[in-house]
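For reference, the structure is listed below as structure tokens.
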């Protein structure tokens, strides 16, 4: 009659590729988007399509010192299209530079916002590519915290 086949579930990857630097300040000079090595990721944060970036700059550091800090790490879900207002994401600009900003509207147009009030919003143009949603961050590369929607926790 009917035969039942069981497919083995593919295990989640234990490590994520470190894909380079992502600026949380002024855009960095263009750098090749190449995986250099891999970083171990805790079980509760593992998923398919994850990538790790090193943070440079202070545009995502809030006045009280919370948020992304220079030298920290972000874990990006490259399978998440990042379409909701308030989500933190990684973007690749027209010239190949990468930044991490909060997605939102500015004067009715989609734009990238910094958590640091010293930085102005940057409008999204057709040449800007969304790399994915930032879902966790680490200051030391060993302990990770989830990034909340419109906030840090």
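The numbers here are math on the coordinates, done by the rules we state, and not lab data. All values reported here derive from a predicted model rather than from experimental measurement. Quick reminder, even Gly has a Cβ in these numbers, built from the backbone with ideal geometry, and neighbours come from all protein chains shown.
Numbers below:
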read-out	value
Taking 100, 61, 15, 78 and counting other C-beta atoms within 10 Å, the order from fewest to most	15, 78, 61, 100
Largest-first principal axis extents of the Cα set of the stretch 15-145 (Å)	40, 33, 27
